[in-house]
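A.B. asks: Once you've had a glance at the structure underneath, I'll fire off some questions.
The values are calculated or read from the model by the stated rules, or taken from the named source; none is laboratory data. In this text the structure is predicted, and so the values were computed from the model without any measurement. Cβ atoms come from the backbone with ideal geometry, glycine included; neighbour counts cover every protein chain shown. To get the accessible areas, we keep the full protein, side chains included, count just its heavy atoms, and leave off ligands, DNA and RNA. Shrake-Rupley method; radii C 1.70, N 1.55, O 1.52, S 1.80 Å.
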Amino acid sequence: MKFTSSYEPKSFESEIYQGWESSPAFNPKPLTSVNPATFSKESSLKNRPFYSIVMPPPNANGNLHIGHGLTIALEDSLTRFYRLLGKSTWYVPGADHAGFETWVVYERALEAVGHSRFEYSRDELYARVWDFVQEQRGNMELQVRALGASCAWNDLTFTLDENVVSRVYKTFEKMWNDGYIYRGEKLVNYCPKHETAFADIEVEHIDEPGFLWDLKYELVNEDSDGFLDSSPECHKEYIVVSTTRPETLFGDQAVAVNPSDPRYKSLVGKRVKLPLTSRTIPIIPDEHADPEYGSGAVKITPAHDFDDFEVGKRHNLENLRVISDNGHMLPVCGDRYSDLTTEECRALVLKDLKEQGILLDSHKITHSVAHCYKCGTVIEPTLKEQWFIDTEKLAKTAISHLKKNEISFHPASKQKVLINYLEGLKDWNISRQIPWGIPIPMFKKIGTASSATGKENFDSAPEWIFDTRTNLKEIEIGGVLYARDEDTFDTWFSSSHWPIVCTDWTEESGSPFYPLNVMETGADILFAWVARMIMMGLYITGEVPFKDVYLHGLVLDSKGKKMSKSKGNVINPMELVDKYGSDAFRLGILRGRSAGMSQAFSEESVISGRNLCNKLWNVSRLIQTWVDEAENKNDVLSTSNMSEDWICREIDALRKKVEKCMSSYRFAEAVEEIYSTIWDKYADWFLESEKLFKNLPLLQKTLESLLIIAHPFMPFVTETIWQTLSWTSGMLISQPWPAPLEFDPISAEEFERLMSAVGEVRRVLSALKTQKHALKSVPPILYGDDSLISDNANLVKFLTRCPSVSSCEGSPRGIRLALSGREIYLDVSSEISDSYRETLEDRILSVGRELDALEARMRNPNYVDKAPAHLVEETRKGIEEKTALISRLKQELTVI
RNA sequence: GGACUCUUAGCUCAGUUGGCUAGAGCGUUUCUUUGACGUAGAAAAGGUCAGAGGUUCGAGUCCUCUAGAGUCCACCA
């Protein structure tokens, strides 16, 4: 390949990726090639020769969004970094069947062609979605490749793969045997549109305006003497209940009042007539009723409200369902209301109550309403028999391991947040009434086969049995027939196994890659996923599933607003990759981003990334040109001037800095360092100097080091350059991390002095150009007793573009630069130096202010006593230098 | 009600256990058609680190309070 004059990512990215993918680079080294002596269970993860990380599986049939772009930029830079360090690296890619999400998409597609899910059996639907997913599949994987993920594609794990399902079944069986799983009839969060239950975590609570209605429930006289109590409160003939859901009154089982509420004390035990029905219900005392809220009396509907369900349990109330699974009123509500939707029913009930004088008042309120996180439908708490996991022990175990700091969190604050969550964790409903997912391997006893043994066994057979033959609707065991539960698992139940299934962990031999080095994912799924992986990992393996957790925040739009389709501010990562290249995107999205923070993102940062790629491209092109032009190519590698010592020192510092940043997950800082080293140091100073020296072996070596260090963050362009350079061989992706470079530190410091001298020349020239006696042409430089300048006259001349740099021969003239330890003059006319007077005066003032600050510090005896000696010494030196500088500046002033 | 995070340049953000004159990118201004790069080079302007106390020789950094922004969990008849 040849270097084009500018960086054109489109011309090489896909080809480069194919090269990587067809090599063994993405795969972990075979176990036999890794020295087993270096691996033991006890050794810390840092020292083990493996590095493992798994990809949070993107939806198999979806497209990547900006969050995936960030995920892959983060994970892949870690993977490539540790690969370069020589670890056997395994980045396992994944694809998610995305149970509910995919189901919603599929059901919508079905409805679009005029069909309903209810026309098909569960098994038919499963088969149809399977085909649907296969048709849609592929884009995601191509997009992951386009982002440069160096993952082991051979090991791609789909969440419905056979090994995933069998592992999930194993866990379920163990939990069933250990008594962690139970079937219970409880109120569950239920989406009436999609007709499925959810875990608490999948419900979105939104504050909404609503009404609190006061209803009059009339007291009925059931006393034997036929008269109401004579106490003054009970001269009333009714009790006012406050409700936001009048339509559920058909299911009311009681009216609760607070036992300490004096208003209602004497009413406890009485009964009231339930409006619109012929039923009566009791007034019961319960702490749940808040005397401060509404009328202080609350109707209790155990089958349709979580709190009421608990009240009902305490008072042995009946759970009477009045709303169906699909959100319509049941026949029990009577012909007038039966079959209406809850909204229709509410309107009609209110109208009827008003006409009957039962609706007394209404108040505008704001209350939080539970919604389906996917379709936004209001969640209907519904009484259902479901499979639950008793989470108490799981959470307790997880908390104890977390408190022992076995997992370090980035950001650290999330550890506390997670413990806080686990401490209040309720039992976990894992049943979903959607066809797309892993079938629950439980079968219910339904009858007997026509054999004698069946009849014999039937009574003693358990109600439910575990069996993995979920491809069958019915099974027969010992003559007893069982039917499969048609529900599927909550996807978080199966995905909590992700670190275990992706590392091929087994009971027999574990896995050298388990626990994972790091789990990188979005902070928004800390509870849903990270918490569950920890609980499950500990339950199955006894070990935490990962040692580090890195959580990234949301990627917001350029104004800091959340991206959403409805707002139209969604940024598509693939468009940016297409426009500026994959590396530019990666640099742009990592830039200025820190753990756990939701931060803005814009195209500008990607453009800046593209510019860095272009810079590196041209740096490489220039060096290649010099190599091509050179006649003698057998020079020995060594530094031959101070800019070379300096750049070696800087690259070495960069290497260490990047190592440190990566081990503490400070990606943005690593990127920042790479930027400034490539651009400000290597290109602007070193390469400029090398235009005079052209020390080819050193140029080549330093460029190689930079390419390797930058590779984790900008893999395509660095690899392309590597493969284009004439002297390099093999692939960059599998090169060893650079060894320390040799340099003379004193010489490196000398170069810094030269840089500040050159900088001062440039600053003064720039100032003179804009003053009233504007400088027409660049003046010569004169030096007095200054070996740094005399020894490097050529370099100074080149870097400042001055026509000449020569000795003043004992007769200085022009402007003397205000640099301590330097004697440099700009040979300008007296008019020009006059015009510089003002600038000089400003300079004296500002140095004076700095001097004052330092002197004040030294006057403080506590500072001299208590501050570290080196700081005091530095302050002392600073005072000396600034004093000298001021006196010289003043001298200059008088000369002028 | 409980928990967490944030407030630093016009914008987006760094700033590790407190320590030299608080940094970067983008934007702005001036200069340069210079040899790889105009997707460039050289230089500049721009900050009472939200506010008030406190600890300390020393606070953007630690503590307390106040104000504002945001997130999560629980509850809300």
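A.B. asks: Where in the stretch A:759-829 are there GluC sites (Glu not before Pro) that are in a DSSP coil and have at most 12 other Cβ atoms within 10 angstrom of their Cβ?
C.D. replies: Within the stretch A:759-829, the qualifying GluC sites (Glu not before Pro) (loop, at most 12 other Cβ atoms within 10 Å) are A:Glu809.
A.B. asks: Can you spot the lysines whose alpha carbon is less than 23 Å from A:Lys10's alpha carbon? Ignore those fewer than 8 places along the same chain.
C.D. replies: Straight-line reach from A:Lys10, under 23 Å: A:Lys2, A:Lys579, A:Lys615.
A.B. asks: To the nearest whole percent, what portion of all C-alpha pairs in the stretch A:613-707 is separated by more than 20 angstrom?
C.D. replies: The proportion of pairs with Cα distances above 20 Å equals 36 percent.
A.B. asks: Which of the GluC sites (Glu not before Pro) found in the stretch A:233-298 are loop residues per DSSP with 13 or fewer other Cβ atoms within 10 Å of their Cβ?
C.D. replies: In loop regions of the stretch A:233-298 (DSSP not H, G, I, E or B), the sparsely surrounded GluC sites (Glu not before Pro) are A:Glu237, A:Glu287, A:Glu292.
A.B. asks: A further question follows. Whole Å is fine, so just give me how far the alpha carbon centre of the stretch A:724-745 lies from that of the stretch A:330-379.
C.D. replies: Cα centroid of the stretch A:724-745 versus Cα centroid of the stretch A:330-379: 72 Å apart.
A.B. asks: Under the Karplus relation 6.51 cos²θ - 1.76 cosθ + 1.60, θ = phi - 60°, what is the ordered set of whole-Hz ³J(HN,Hα) values for the stretch A:108-113, x standing for Gly and Pro?
C.D. replies: 3J(HN,Hα) across the stretch A:108-113, in whole Hz: 5, 5, 5, 5, 4, 9.
A.B. asks: Follow-up question, since we're still on this one. State the percentage of accessible surface on chain A attributable to carbon and sulfur atoms; use a 1.4 Å probe and exclude ligands, DNA and RNA.
C.D. replies: The value for chain A is 50 percent carbon and sulfur by accessible area.
A.B. asks: In addition: What is the spread of the Cα atoms of the stretch A:266-399 along each of their three principal axes, largest first, in whole Å?
C.D. replies: Principal-axis extents of the Cα atoms in the stretch A:266-399, largest first: 57, 41, 30 Å.
A.B. asks: Pairs of alpha-carbon atoms within less than 8 angstrom and 6+ residues apart define the contacts here; what relative contact order does the stretch A:365-515 have, in percent?
C.D. replies: Computed value for the stretch A:365-515: 20 percent relative contact order.
A.B. asks: Then there's this: Collect residues whose amide H, placed 1.01 Å from N in the peptide plane, falls under 5 Å from the amide H of A:Asp361; neighbours closer than 5 in sequence don't count.
C.D. replies: The list, which skips near neighbours in sequence, is A:Asp214.
A.B. asks: What number, in percent, do you get for the relative contact order of chain A if the mean sequence gap of Cα pairs under 8 Å and at least 6 apart is divided by its residue count?
C.D. replies: Relative contact order of chain A: 12 percent.
A.B. asks: What ³J(HN,Hα) values, in whole Hz, does the Karplus curve 6.51 cos²θ - 1.76 cosθ + 1.60 give for the stretch A:598-614 when θ = phi - 60°, with x put for Gly and Pro?
C.D. replies: 3J(HN,Hα) across the stretch A:598-614, in whole Hz: 8, 10, 5, 9, 8, 4, 4, 5, 6, 4, 5, x, 4, 5, 5, 4, 5.
A.B. asks: Also, I was wondering about something else. List the lysines whose Cα lies under 16 Å from the Cα of A:Lys797, skipping any in the same chain that are fewer than 8 positions away.
C.D. replies: A:Lys691
A.B. asks: Shifting gears a bit: Using a cut-off of 17 Å between alpha-carbon atoms, which lysines can reach A:Lys882, once sequence neighbours fewer than 8 places away in the same chain are excluded?
C.D. replies: List returned: A:Lys890.
A.B. asks: Here's a follow-up. Using amide H atoms built in the peptide plane, which far-off residues or other-chain residues are under 5 Å from A:Leu330 H to H?
C.D. replies: Here A:Ile323, A:Ser324, A:Asp339 satisfy the definition.
A.B. asks: Can I ask one more? In whole Å, what three semi-axes, largest first, describe the equivalent ellipsoid of chain A built from its Cα gyration tensor (square root of 5 times each eigenvalue)?
C.D. replies: 71, 37, 24
A.B. asks: Let me ask you something else. Applying a 10 Å radius around every beta-carbon, put A:322-334, A:459-471 in order of their mean neighbour count, most first.
C.D. replies: Output ranking for A:322-334, A:459-471: A:322-334, A:459-471.
A.B. asks: Under a 5 Å amide H to amide H cut-off, with H placed in plane at 1.01 Å, what residues pair with A:Val828 once short-range neighbours are removed?
C.D. replies: A:Gly814, A:Ile815
A.B. asks: Next up: Can you tell me which of A:395-401, A:626-632 comes out highest on packing, and rank the rest after it, using the mean Cβ neighbours within 10 Å?
C.D. replies: A:395-401, A:626-632
A.B. asks: Return the sequence-ordered ³J(HN,Hα) values of the stretch A:843-858 in whole Hz as given by the Karplus equation 6.51 cos²θ - 1.76 cosθ + 1.60 applied to θ = phi - 60°, using x for Gly and Pro.
C.D. replies: Once θ is set to phi - 60°, the couplings for the stretch A:843-858 become 5, 4, 4, 6, 5, x, 5, 5, 4, 4, 4, 5, 5, 4, 5, 6 Hz.
A.B. asks: May I pose another question? Express the accessible area of chain A per residue in Å², computed with a 1.4 Å probe while the remaining protein chains stay in the model.
C.D. replies: So chain A comes to 45 Å² accessible per residue, rounded to a whole number.
A.B. asks: For A:Trp626 and A:Thr4 in the same chain, what is the full-extension length gain: residue separation times 0.36 nm, less their Cα-Cα distance, in nm?
C.D. replies: Extra length available between A:Trp626 and A:Thr4 comes to 222.4 nm.
A.B. asks: Might you work out the accessible area of A:Thr677 for me, using a 1.4 Å probe with all protein chains in place, and round it to the nearest 10 Å²?
C.D. replies: 0 Å²
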